[in-house]
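To start, the structure itself, in structure tokens.
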Amino acid sequence: QVQLVESGGGLVQAGGSLRISCAASGRTASPYAMGWFRQAPGKEREFVAVISWSAGSTYYASSVKGRFTISRDNAKNTVYLQMNSLKPEDTAVYYCAADEKRIFTTARLAGSWGQGTQVTVSS
């Protein structure tokens, strides 16, 4: 497994942009997919985006497609989520996830998790 630490969350106005990051450490020599999930108060954790080790494959939730972009820098063991045109409904704790075995779009398939970073979008 890898250890994951998110950063870059904060407060932003609706329509604004924010980039959050997730740095991995530990078993980073093995290829692993990385992704983002989010959880709003009173709601279940939901998939946001995922990227393969080579960055050749990316998948997005329909709610963020066209607004969010996931990318990674393997030299820095870091994945990014660029969030544009933010909406109040994007407010949530954003969790970074990783898995060495597969690309994932459901939480139960991700083997490693970060502690989360809060993103708040004001109207």
For the chain, give the percent of accessible area contributed by carbon and sulfur heavy atoms, probe 1.4 Å, rounded to a whole number.
47
About its Cα centre, the range 13-121 carries a charge dipole, from +1 on Lys and Arg Cβ atoms and -1 on Asp and Glu Cβ atoms, whose size in debye to the nearest 20 is 80
From the convex hull of the Cα coordinates of the range 1-70, what is the mean projected area in square nanometres?
5.8
S122 paired with A29, simple spin-label distance in nm, labels 7 Å along Cα-to-beta-carbon:
4.8
Multiply the residue gap between E100 and K65 by 0.36 nm, knock off their C-alpha separation, and tell me the result in nm, one decimal place.
10.1 nm
Whose amide H sits under 5 Å from the amide H of R72, counting only residues 5 or more places off or on another chain, with H placed in the peptide plane?
Y80
Grab the other residues whose beta carbon is less than 13 angstrom from that of G10, score K and R as +1, D and E as -1, and report the net.
-1
For the range 60-119, alpha-carbon Rg relative to the globular expectation (2.2 N^0.38 Å, N residues)
1.18
Theoretical FRET efficiency, 1/(1+(r/R0)^6), r = Cβ-Cβ of K43 and A75, R0 35 Å, to 0.05
0.50
Give me the one-decimal nm value for the distance between modelled label points at W53 and Q1, 7 Å along each residue's Cα-to-Cβ direction.
2.0
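The values are calculated or read from the model by the stated rules, or taken from the named source; none is laboratory data. The structure presented is a predicted model; accordingly, all values stated were derived computationally and were not measured. Because the Cβ atoms are built from the backbone with ideal geometry, glycine has one as well, and the counts that use them run over all protein chains shown. When the accessible area is computed, the model is the full protein with side chains, heavy atoms only, and any ligands, DNA or RNA have been set aside. Shrake-Rupley method; radii C 1.70, N 1.55, O 1.52, S 1.80 Å.
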